[in-house]
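The values are calculated or read from the model by the stated rules, or taken from the named source; none is laboratory data. This is a predicted model, so every value here is computed, not measured. As a convention, Cβ positions derive from the backbone with ideal geometry for all residues, glycine included, and neighbour counts pool all protein chains shown.
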Amino acid sequence: MTSIAFAAERAIAAGAAELRDDASSPAVQALLLLGPTASGKSTMALELARERALEIVSIDSTQVYRGLDIGSAKPSAADRARVAHHLIDVRDPAQAYSAAEFVRDAAAAIADIGRRGRFALVVGGTMMYARALRQGLAELPSADPVLRARLEREAELSGWAALHARLQAIDPETAQRLAPADRQRIARALEVFELTGQPLSTLLRRPTRAICRVRTVALLPSDRAQLHRRIEQRFDEMLERRFLDEVRTLRVRGDLRADLPSLRSVGYRQAWEHLEHGTSVATFRSAAIAATRQLAKRQITWLRSMPDAIRVDPFADDALGRLASILAAAG
């Protein structure tokens, strides 16, 4: 018996207690394994897949894009050949990919995995996607190409800062969380208001219903300094793997911009700015690591706001065994 299987058998009662449902509750369809960047969630998921008939569904808003491999810590070809992965490389970086599309695609993948007698392990750190999968999405109007084109023309004439000011007047809550240069989200918020007559923030507060039954595990590191060291080490490994060359290849295409959702992600944004403005590698490295630490801080804040999530310290000696027991009880 492997160490993981032994730990699972020994702790199965504790895991079952944490996951106990009422007799009438529907079965759990997937285990949602969330954690901050560099917390080791992908490695743990692959280890768990050695013992169970699992397939992994990525919940990462950067790994969905083709060509964004090194900077997103995308699983290797060998890992993807050994364990089936879903929702990786499903979009070109010139295209957007929304939380609604993620929920649709993730729910379909989870259902398909279940039909084949396997269990879905949803792994990643994009908390907006996680909230959408756990709680459902507010009903919002579909995009209106004619209206969106008009807003784009207005922005060309007066600038996105002016449209941001317009949003501030009609929906200050949404405007407060958007940067004046966040053209995609500003346009969407204005579009929603014109189509519905209501602020986006109001619509987002309406009750929603999840369409997928998941259990959530939150990887919460007990040692923040250790997490920071891992972030720095992983970024340096990305640089050694020629991360900057990957971004140079994206820039050569000619149809990509720094404000696209794919390239606003941490690491890629700083690399693009470095190549655009010719800053030193040291300055770029420092900015990227600082931004990654801030991302991890935000992710931890999200995780702590999930009262139903089972908390596991990824740096604890028994972390993998505990995850195995929780997985065994869930599936």
I need the full set of residues from segment 198-230 which are within 19 Å of I59 (Cα to Cα) and outside any loop (DSSP other than H, G, I, E, B), in order please.
V214, R215, T216, V217, A218, L219
If you go through segment 200-256, how many residues are under 25 Å from G35 (Cβ atoms) and either small (G, A, S) or touching a His at 6+ places or on another chain (Cβ under 6 Å) (or both)?
4
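Please specify each residue of segment 37-67 satisfying the condition of being free of Cβ contacts under 8 Å to residues at least 60 places away in the same chain and farther than 23 Å from I231 by Cβ. Steps first, answer last, please.
The first filter runs over segment 37-67 and keeps only residues free of Cβ contacts under 8 Å to residues at least 60 places away in the same chain, leaving 43, 46, 50, 64, 66.
Of everything in segment 37-67, those that are free of Cβ contacts under 8 Å to residues at least 60 places away in the same chain and farther than 23 Å from I231 by Cβ turn out to be R50, R66.
Considering only segment 189-197, I want to know if a residue exists there that is outside the structural domain of G125 (by TED's automatic domain parsing), under 22 Å from the mean Cα position of the chain (by Cα), in a helix (DSSP H, G or I) and modelled with pLDDT of 95 or more. Walk me through it before giving the result.
First, the residues of segment 189-197 that are outside the structural domain of G125 (by TED's automatic domain parsing): 189-197.
Next cut, under 22 Å from the mean Cα position of the chain (by Cα) only: 189.
After this cut, where a residue has to be in a helix (DSSP H, G or I) as well, the list is 189.
Right, trim to modelled with pLDDT of 95 or more and you get 189.
Yes, there is a match, as at least one residue in segment 189-197 is outside the structural domain of G125 (by TED's automatic domain parsing), under 22 Å from the mean Cα position of the chain (by Cα), in a helix (DSSP H, G or I) and modelled with pLDDT of 95 or more.
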Sole miss for S72 among (1) surrounded by fewer than 20 Cβ atoms within 10 Å (Cβ to Cβ); (2) out of contact with any Leu (no Cβ under 8 Å at 6 or more places or on another chain) is condition (1)
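Within segment 45-53, does at least one residue satisfy the condition of being within 15 Å of the chain's Cα centre (by Cα) and crowded, with 17+ Cβ neighbours inside 10 Å? Talk me through it step by step, then tell me what you get.
Going through segment 45-53, the residues within 15 Å of the chain's Cα centre (by Cα) turn out to be none.
No, the conditions are met nowhere in segment 45-53.
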Every listed condition ((1) within 23 Å of P93 (Cα to Cα); (2) part of a helix (DSSP H, G or I)) holds for Q233 save (1)
Just to verify a result, which residue in segment 214-238, among those that are of a type outside the set (A, V, I, L, M) and in contact with a strand residue (DSSP E or B) (Cβ under 8 Å, 6 or more places away or on another chain), is surrounded by the fewest Cβ atoms within 10 Å (Cβ to Cβ)?
T216
How many residues does segment 267-320 contain that are part of a helix (DSSP H, G or I), within 20 Å of the chain's Cα centre (by Cα) and under 17 Å from H228 (Cα atoms)?
14
Taking segment 232-244 only, how many residues are within 18 Å of L68 (Cβ to Cβ) and in contact (Cβ under 8 Å) with a residue 24 or more places away in the chain?
8
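One residue is enough: does segment 134-148 have a residue meeting the conditions among the hydroxyl-bearing types (S, T, Y) and at pLDDT 95 or above? Don't jump to the end; show me each part of the working.
Initially, segment 134-148 is screened for residues among the hydroxyl-bearing types (S, T, Y), giving 142.
Among the residues that remain, those that are also at pLDDT 95 or above are: none.
So far as segment 134-148 goes, no, none of its residues is among the hydroxyl-bearing types (S, T, Y) and at pLDDT 95 or above.
Taking the condition of a type outside the set (S, T, Y), outside the structural domain of L33 (by TED's automatic domain parsing), surrounded by fewer than 16 Cβ atoms within 10 Å (Cβ to Cβ) and touching a residue at least 12 places away in the same chain (Cβ under 8 Å), does A181 pass? Show your work before the answer.
On the way: of a type outside the set (S, T, Y): yes; outside the structural domain of L33 (by TED's automatic domain parsing): yes; surrounded by fewer than 16 Cβ atoms within 10 Å (Cβ to Cβ): yes; touching a residue at least 12 places away in the same chain (Cβ under 8 Å): yes.
Spelling it out, A181 is indeed of a type outside the set (S, T, Y), outside the structural domain of L33 (by TED's automatic domain parsing), surrounded by fewer than 16 Cβ atoms within 10 Å (Cβ to Cβ) and touching a residue at least 12 places away in the same chain (Cβ under 8 Å).
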Any residue in segment 92-102 that is farther than 12 Å from P261 by Cα and either touching a residue at least 60 places away in the same chain (Cβ under 8 Å) or of a type in the set (D, E) (or both)?
yes
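May I ask you to list the residues in segment 150-188 that are among the acidic types (D, E), outside any helix (DSSP H, G or I) and modelled with pLDDT under 95? Reasoning before the result, please.
Here is the first cut: in segment 150-188, the ones among the acidic types (D, E) are 152, 154, 156, 171, 173, 182.
Now narrow it down to the ones that are outside any helix (DSSP H, G or I): 171, 182.
The one that is among the acidic types (D, E), outside any helix (DSSP H, G or I) and modelled with pLDDT under 95: D182.
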